[in-house]
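Enquirer: Before we start, here is the structure in question, set down as structure tokens.
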Amino acid sequence: MSPPPLLSERARALRPRALVVDRHARGVGRDQGVARIAFDAQAGAELAELLHADGTPIAAPAPDLVAFATPRDLLRLRASSHPDLELAHLCDELASAPAPRPRLVGVLNATPDSFSDGGASCDELVERGLAMVEAGADWLDIGGESTRPGAEPVTPMVEIARTIPLVQELARRTDATLSIDTRHAECAAAALAAGATVVNDVSAGLHDPDMLALVAHADAGFVAMHMQGDPRTMQAAPSYAEVVGEVLEFLRARAAAACEAGIDPARLWIDPGIGFGKTLEHNLELLARLGELRSLGLPVLLGASRKSFIAKLDPRAASPADRLGGSLAAAIHGVLGGVDLVRVHDVPATRQALAVAHAIARQRRA
Ligand code: HH2
């Protein structure tokens with residue numbers, strides 16, 4: 001008789017890109033990338049201890065989330081209640097789960113001065129948003145304050161005036177997820193009342209002390225992004241001893257704070273914040289090691305679209321509108337590296353690029 005399923009809906013929804021398991025188990029990774037073992041406390045899968053090869057614990061911010069390890073790690077599951085048969089079964093289930101399509105987040109900037117696309121009217125933005133959904137965006141991220149390097153902050157009232165009519169109109173005309181890209185609880189509250197269901201905060205709740213409680217109270221989703229410093233000064237002299245470790249630690253702490261404030265961990269995303277207080281090398285290191293962010297057990301959002309690191313690698317792309325090729329390369333790399341959501345300006349081209357990359361990757365694994 002086969003053992004009962006050990007995976008929750010949430011765990012099933014995750015893509016089993018590779019598995020590296022205890023050497024006594026039979027499920028073995030099929031490809032390079034992030035290795036993952038899912039566990040679900042609610043379903044009774046109590047894994048006594050989950051350790052990296054060097055003996056350090058693999059942390060998940062909540063017991064019913066999912067823990068991940070890199071291929072360098074050998075996961076050692078020390079649970080007497082889990083004989084090899086059950087573990088192999090769990091691995092088989094993961095390996096055969098269909099890989100979900102990565103979700104596309106379309107960027108809608110209701111600003112006069114965003115780094116790549118500011119200055120559109122509300123009507124134009126509504127049409128642009130609807131066209132993005134038509135082209136394959138699952139989610140629209142609406143912002144009323146530019147956070148480009150050197151940008152001056154705006155007040156919540158200005159942000160509200162810029163974004164709320166847009167949120168209201170889009171909520172009326174599309175079923176796509178709507179997020180408000182803001183650091184201000186006041187603007188977040190107005191957007192959630194107008195029909196947004198997620199708050200995307202580039203300060204991860206640190207800019208406004210009321211933010212996390214507000215999001216929890218509204219039972220909304222939350223994107224916690226890493227940023228060093230603030231937009232006005234963040235690119236002056238970014239500095240890290242070890243960028244991936246520091247970003248990971250920051251996101252771990254912010255995810256824990258969000259859960260503690262009452263935000264549902266199933267509606268929490270993390271984001272390494274490409275370009276936010278980072279040099280070209282920092283951005284590349286984070287992009288190259290995206291899989292490590294998965295050790296937190298939370299879905300990852302990546303926003304690399306049209307960003308200036310692309311122009312540093314291709315000086316002919318001085319204008320953000322000329323950075324489509326670099327944006328697609330980063331999106332494909334991100335998705336193949338385990339990212340769940342990509343935040344992009346160019347939805348149709350990204351959808352097509354990801355569909356092709358994804359199909360090839362699936363074929364390779366089949
Ligand atoms: N990037 C920007 C703004 N918000 N949010 C998340 N979670 N991740 C990102 O990478 C991110 C973000 C900057 O891009 P954009 O909104 O196009 O520009 P601006 O801030 O100038 O409006």
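The values are calculated or read from the model by the stated rules, or taken from the named source; none is laboratory data. Every value quoted in this text rests on a predicted model; they were computed, and no experiment measured them. Here the Cβ positions follow ideal geometry from the backbone for every residue, glycine too, while neighbour counts run over all protein chains shown. All accessible areas refer to the heavy atoms of the entire protein, side chains included, with ligands and DNA or RNA removed. Shrake-Rupley method; radii C 1.70, N 1.55, O 1.52, S 1.80 Å.
Enquirer: If we keep just the residues of the range 250-270 that are closer than 22 Å to ASP141 by Cα and not in a helix (DSSP H, G or I), which is farthest from the ligand (Cβ to nearest atom)?
Expert: ASP264
A quick yes/no check of all residues on (1) in a helix (DSSP H, G or I); (2) within 16 Å of the ligand (Cβ to nearest atom):
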| residue | (1), (2) |
| --- | --- |
| THR111 | no, yes |
| SER114 | no, yes |
| GLU124 | yes, yes |
| GLU159 | yes, yes |
| VAL167 | yes, yes |
| ARG172 | yes, no |
| ALA190 | yes, no |
| ASN200 | no, yes |
| GLY205 | no, yes |
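Enquirer: Right, here's the next one. Please find, among PRO165, PRO149, the residue that is under 29 Å from GLY245 (Cα atoms) and surrounded by fewer than 20 Cβ atoms within 10 Å (Cβ to Cβ).
Expert: PRO149
Enquirer: Related question: Quick check: anything in the range 193-213 touching a helix residue (DSSP H, G or I) at 6+ places or on another chain (Cβ under 7 Å), more than 22 Å from LEU336 (Cα to Cα), open to solvent by 30 Å² or more (accessible area, probe 1.4 Å) and of a type in the set (A, V, I, L, M, F, W, C)?
Expert: Checked the range 193-213: at least one residue is touching a helix residue (DSSP H, G or I) at 6+ places or on another chain (Cβ under 7 Å), more than 22 Å from LEU336 (Cα to Cα), open to solvent by 30 Å² or more (accessible area, probe 1.4 Å) and of a type in the set (A, V, I, L, M, F, W, C).
Enquirer: Can you say whether THR182 is within 15 Å of the ligand (Cβ to nearest atom), among the hydroxyl-bearing types (Ser, Thr, Tyr), at pLDDT 95 or above and assigned by TED's automatic domain parsing to the domain that holds LEU206, as far as the supplied structure shows? Even if it seems obvious, please write down each step before you answer.
Expert: Values: within 15 Å of the ligand (Cβ to nearest atom): yes; among the hydroxyl-bearing types (Ser, Thr, Tyr): yes; at pLDDT 95 or above: yes; assigned by TED's automatic domain parsing to the domain that holds LEU206: yes.
Spelling it out, THR182 is indeed within 15 Å of the ligand (Cβ to nearest atom), among the hydroxyl-bearing types (Ser, Thr, Tyr), at pLDDT 95 or above and assigned by TED's automatic domain parsing to the domain that holds LEU206.
Enquirer: Under 7 Å between Cβ atoms, at least 6 apart or on separate chains: pull out the pairs that start in the range 219-233 with a residue that is closer than 22 Å to LEU140 by Cβ and end on any residue that is among the polar types (S, T, N, Q).
Expert: From residues that are closer than 22 Å to LEU140 by Cβ, the pairs are ALA220/THR197; GLY221/THR197; VAL223/SER179; VAL223/ASN200; MET227/SER203; PRO231/THR147.
Enquirer: Looking at the range 271-289, which of the residues that are at pLDDT 95 or above and either surrounded by fewer than 21 Cβ atoms within 10 Å (Cβ to Cβ) or in a strand (DSSP E or B) (or both) is nearest to the ligand (Cβ to nearest atom)?
Expert: Selected residue: ASP271.
Enquirer: For GLU292, indicate whether it is part of a helix (DSSP H, G or I), more than 12 Å from the ligand (Cβ to nearest atom), under 24 Å from ALA257 (Cα atoms) and open to solvent by 30 Å² or more (accessible area, probe 1.4 Å).
Expert: Details: part of a helix (DSSP H, G or I): yes; more than 12 Å from the ligand (Cβ to nearest atom): yes; under 24 Å from ALA257 (Cα atoms): yes; open to solvent by 30 Å² or more (accessible area, probe 1.4 Å): yes.
In short, yes.
Enquirer: Out of the residues in the range 304-360 meeting the condition of being assigned to a helix (DSSP H, G or I), polar (S, T, N, Q) and touching a residue at least 24 places away in the same chain (Cβ under 8 Å), tell me which one is surrounded by the most Cβ atoms within 10 Å (Cβ to Cβ).
Expert: THR350
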